[in-house]
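Comments concern the structure below.
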Amino acid sequence: MKIDTPHVDWLALSPTLALLAAAAVCLLAAVLAPGWARRGTAAFFGLAGFVTAGIFAGVVFDRSPEATLEVGNAIVRDRLGAFAAIIVCGSGILAVFTAYAHRMSRAYVAEYYALLATAGAGMCF
């Protein structure tokens, strides 16, 4: 017996997946990085996640001349959604720079960048 599975367009999901990966690395930095390096490490990976997701969203924008239904008709891949993801990623980059410039408590600083990345992933999705 064969189970039919939907075709998954990984390119359409790539901005969201990049931000979720950045959030996972930020959470790992919260646990594994020494206290003095947590802020810089988490900020770097949060920024890298937003930049990578923005690049992927630009590629999706370029390769989506018309709207298509993807992943078993669950999501739409189109230029408007990709443009919105580019705006979200640009805002996320600004938020990372703003948060890094602001002196926060060292207790949960890496979790803050993980939260920024997961919020951006939800908005991109």
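Tabulated data for the structure shown
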quantity: Residues listed by number, the stretch 1-44, amide nitrogen under 17 Å from VAL59 label point at 7 Å toward C-beta; calculated: 8-22
quantity: Packing-based order for 8-19, 54-65, using average beta carbon neighbours within 10 Å, highest first; calculated: 8-19, 54-65
quantity: Calculated from backbone phi, Karplus (6.51, -1.76, 1.60) coupling profile of the stretch 60-69 in Hz, x at Gly/Pro; calculated: 4, 4, 5, 9, 10, x, 9, 6, 9, 8
quantity: FRET E, pair ALA37, ALA119, Förster distance 22 Å, beta-carbon r, rounded to 0.05; calculated: 0.40
quantity: Sparse-neighbour loop sites [trypsin sites (Lys or Arg not before Pro); the stretch 78-125; at most 11 other C-beta within 10 Å; DSSP]; calculated: ARG103, ARG106
quantity: Residues whose placed amide H lies under 5 Å from that of ILE75, excluding near-sequence neighbours; calculated: GLU70
quantity: Coordinate range along principal axes, alpha carbons of the chain, Å, largest first; calculated: 51, 38, 16
quantity: Accessible surface, the stretch 1-65, averaged per residue in Å² (probe 1.4 Å); calculated: 59
quantity: Protein accessible area in the stretch 50-93, 1.4 Å probe - carbon and sulfur %; calculated: 64
quantity: By average C-beta atoms within 10 angstrom, highest first, the peptides 68-77, 26-35, 113-122; calculated: 113-122, 26-35, 68-77
quantity: Hz values of 3J(HN,Hα) by residue in the stretch 81-89 - Karplus curve (6.51, -1.76, 1.60), Gly and Pro given as x; calculated: x, 5, 5, 4, 5, 5, 5, 4, 5
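The values are calculated or read from the model by the stated rules, or taken from the named source; none is laboratory data. Everything numeric here is computed off the predicted structure, so don't read it as measured data. As a convention, Cβ positions derive from the backbone with ideal geometry for all residues, glycine included, and neighbour counts pool all protein chains shown. Heads up: the accessible areas ignore ligands, DNA and RNA and are worked out on the full protein's heavy atoms, side chains in. Shrake-Rupley method; radii C 1.70, N 1.55, O 1.52, S 1.80 Å.
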